[in-house]
Structures are given as C-alpha cells and as structure tokens.
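Beneath this line is the structure, given in structure tokens, with notes to follow.
The values are calculated or read from the model by the stated rules, or taken from the named source; none is laboratory data. Computed from a predicted model, the values in this text were never measured in an experiment. Here Cβ is always computed from backbone atoms with ideal geometry, including for glycine, and neighbour counts include all displayed protein chains. The area values use the complete protein model at the heavy-atom level, side chains included, leaving out ligands, DNA and RNA. Shrake-Rupley method; radii C 1.70, N 1.55, O 1.52, S 1.80 Å.
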Amino acid sequence: MGAVAAHGEDGKGSQQGADHQLKELDAGALFVLKSKGSWLHCGYHLTTSIVAPPLLSLPFAFTFLGWAAGVAFLVIGALVTFYSYNLLSLVLEHHAQKGNRQLRFRDMANQILGPKWGKYFVGPIQFMVCYGAVVACTLLGGQCMKTVYLMSEPEGPMKLYEFIIIFGCLMLILAQIPSFHSLRNINLVSLVLTLAYSACATGGSIHIGTSSKEPKNYSLKGDTQDRLFGIFNAIAIIATTYGNGIIPEIQATVAPPVKGKMFKGLCICYTVLSLTFFSVAISGYWAFGNNSEPLVISNFLADGQTLVPKWFVLMVNIFTILQLSAVAVVYLQPTNEVLENTFSDPKRKEFSARNVIPRAVSRSMSVIIATTIAAMLPFFGDINALIGAFGFIPLDFVLPVVFFNLTFKPSKRSIVFWLNVTIAVVFSAVGVIAAVAAVRQIGLDAKTYRLFANV
C-alpha cells in the first residue's frame, strides 16, 4: 500500500486504528521510510542530499556563463528550488491532513496525475536519478582516494578502478543501515563535513588567487556554437547541483504531525547552501577564471605540484570522501525501499532471518553493480549530466509546481498560478535543451572513452 495515513496522520485516529493501518504498509514503507524524525533530522537529510561535493563544480559552470550570468543563475536556482520544494511539501501536508499521507514520489504521481505517470514516468526517472547519483558518488570517491594516493606515491602502480572498489567496500557496509531515519546522525556529521570542505575550498582558492601573479582571464571560450551549448551545459550542472529528487521520501521520515516541519528543515538546508554554494562558486571562479577545473580542488594541483600545503589538499579530499559516502547512502534509500518492498515480508519482524538475509544480499548486489558501473565507466560524469537534464529538472523544477496547481487549483487570475505555469514551461524547455547539450558533449568526448580507464 503506497499512500497511507498509517505513518501517522497528524495525530488523528486512535492508537488501535494506527496499529491496524501500520499492518497494511508494504515492507518498503514499513522498514525503510519510518516516520520517526524531527524537523532537525529532516534538515540533516535535506542538506546531505542537496549540499554535496558537486557544489565544487560550480566555478567550472561559471566558465560557460561569466560573472553576471553565473551569479544570476545561481540565485535563480536557489529561489526556484526553495519555492518548488516548499510547494511539494505543502502538497504532501495537504494529503496527510486528509488522512492519505504520501510516502514516495511515485505515490504522489499516482494520486495526482494517475497510475501510469507514477509507474512509467516518475518512478523510473527517480530511480535513474538516484542510482545515477550513487554511481557518480562512488566514482568521485575513488578519484579523491586516487588523488590522496598520488600525493604520497606519485609513480604508484594502483589504478583508478582499484580505488573505486575500495570506496565500494565502504558503501557495502553503509548500505546495510536499515532505514532512512537511521541515517540522521550520519547526516549531521555530513552537514559539518560540507561546511568544512567548502571552507577549505574557499580558503584555498582565495590563498592561491591572492598569491598568484598570473593575470586572471574571465572571457568565455570557444565560438558562438560552443558558447551556446556551454550555457546549457552550465545550467544542467547548476540544476544537478541544486537537485534532490527525494523530497517525498525525506518528508516521509518526519513523525506526525508533519505540518511546518519540512519548511523548517528547508530553512536549515538553504542556510548551509547559501554559505557554501556562493562562497565556493565566487571564490573559485575569481581565483582561476576560465581555467577552473570540473572540481575546483583539482586547481590546487599544477604540474604535479601543490599550490597549497599537501596536508591541506589531503584534508579537503578526506572530508570530501567521507561526505560522498553519506550522500551515496542517502541516494540508495529509494533503491533500498524498492528492494525491501520486493523481497521482504511486512508481516514478519524487521530483523527476522526471513527479512535480514534478502535485505543484506539485495543491498549488497545493488552496491556491487553501482561500483562496477563506476569502475567501468570513469567518464560517467558526462552521462550524469544527461541524467540530470532528464531527471533532476523534471522532478525538482517542473513536477512540484504542476502538483501544486492540480492539488490546490489556484485561480487562473492569481499570480501563483501563472508563476507556476511559467516555471513549468521554462524549465521543461531548459531540460530538453540541456539534454541535447549533454548528448553533444558525450559525442565530443566519446573518442576518449575507455572501459576501466585510469583517468
């Protein structure tokens, strides 16, 4: 049963009724999406899922946009996503107050758009986005581990895929954490790590920028066509950086009554986001200009030499690796929920042998497959840009405003209605163009692709 009041409908109904409804929950909702959290826990989950190491790519996005457009798109992304996520939360609260609490994105689509939308559009897109994020985190974690290794062993024999496997082994352990709510303390640590490596990235950029005597170049590269596609590549990068894709699942972890808790959680998240996104993007682009690398901490190394102390680069990479593991396990939750729903028995105890064995096997296989993909396709970043255009933009920019208009039916004369329509139309078009730009980039880079490449 996908959408239920069982996870606590705003305190309504007797305990007996709640117990009866709990028995009707499927295993995924019952064991993975436990509704026990506070608004603070919600803030930790939101921050880990949004304020993640991809923010280190924001200076690179600025190289396609320049100063004015870069800052403008960063501000627009923050405003639109905060607004969209809040609308999504209001729709979820509305259904909860009516006694029909929605626990998953596909449940919302089933209820509001119809069953086929949930089964054939929202569900597959969300799975693709979330599993793609797990693969991307595993790849990036391996790359950071390799950076640390090469600092101590510049001519070392170990290859990138070996570090990806090591990171995958860490993920094998973390994947066994039973529920989304169980991640609350890990995600608090993740929030602190985000602030730490963002401060390091900002401080390192400022140090290098002030000590470098080379003139900074902020001009846009390439001809008109390259610049045009570059703009949409940059928009896809920014959209993916702001992307979440699991707002309903995060709100499902909140204990009843749910009203107002998600907004408080979003305020925590966007406070951290404002401190990190803007400081890293502006300081990184200021320091390195159009030479900014896809990860700004890569600019701390030049010709095999570190431009900041080695211990500093080591510290930044360790912070990043640790937070990547937290981000990856958060984005594993939708996959875990599907696996739990498929292989577990909700009528048996959560930690009975009947449920623990298939849980351990299925989650381990999920991580092994993600690790294998990351090791085989170290160019997955290009593919992830395509996933971001097809996935994060519809889930985070378009569907929330559509759900709100269909649920609350604001007057067609109201500002809210037309603002929502404008956001849906504009970002649908942006998503299509960004997808085309991502496909073009894959085509340009295809000649360099090698399976298990040591990049």
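Listing for the model above:
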{"item": "Distance between the range 182-207 and the range 327-396 - C-alpha centres, whole angstrom", "result": "24 Å"}
{"item": "Mean Cβ neighbour count within 10 Å, used as a protection proxy, ranking 352-364, 63-75, 311-323 highest first", "result": "311-323, 63-75, 352-364"}
{"item": "Over the chain: helical MRE at 222 nm, DSSP H runs n ≥ 4 each giving -39500 (n - 2.57), nearest 500", "result": "-22500 deg cm²/dmol"}
{"item": "Three-way shape label, the range 311-432, alpha-carbon gyration tensor, a/c 1.5", "result": "oblate"}
{"item": "The chain, relative contact order in percent, only Cα pairs under 8 angstrom and at least six apart counted", "result": "33 percent"}
{"item": "Nearest-ten-degree value, helix 123-152 long axis tilted from longest Cα axis of the chain", "result": "40 degrees"}
{"item": "Largest-first principal axis extents, alpha carbons of the range 113-232, Å", "result": "59, 43, 32"}
{"item": "Rounded to 10°, Cα long-axis angle of helix 415-445 versus longest principal axis of the chain", "result": "50 degrees"}
{"item": "Qualifying lysines (Cα of each under 30 Å from Cα of Lys264; at least 8 residues distant if same chain)", "result": "Lys12, Lys34, Lys36, Lys98, Lys409, Lys412"}
{"item": "Backbone HN-Hα couplings from phi across the range 251-265 [Karplus 6.51/-1.76/1.60, Hz, Gly and Pro as x]", "result": "5, 5, 7, 7, 6, x, x, 8, 4, x, 6, 5, 4, 5, x"}
{"item": "Eligible lysines near Lys447 by straight Cα distance, threshold 27 Å, same-chain separation 8 or greater", "result": "Lys146, Lys159, Lys221"}
{"item": "Mean Cβ count within 10 Å, highest first, over the residues of peptides 208-215, 371-378", "result": "371-378, 208-215"}
{"item": "The range 229-254 and the range 42-71: distance between their alpha carbon centers, rounded to Å", "result": "10 Å"}
{"item": "Accessible heavy-atom area order of Ser38, Ser274, highest first, probe of 1.4 Å", "result": "Ser274, Ser38"}
{"item": "Estimated translational D of the chain in µm²/s (Stokes, Kirkwood radius over Cα pairs; 37 °C; 0.692 mPa s)", "result": "145 µm²/s"}
{"item": "Overall form of the range 185-286 per C-alpha gyration tensor (a/c, 1.5; a/b vs b/c)", "result": "oblate"}
{"item": "Heavy-atom SASA rank of Lys310, Lys119, Lys347 (probe 1.4 Å, accessible area, largest first)", "result": "Lys347, Lys119, Lys310"}
{"item": "Rounded, prolate or oblate (a/c below 1.5 giving rounded, otherwise prolate when a/b exceeds b/c) for the range 199-246 by Cα gyration tensor", "result": "oblate"}
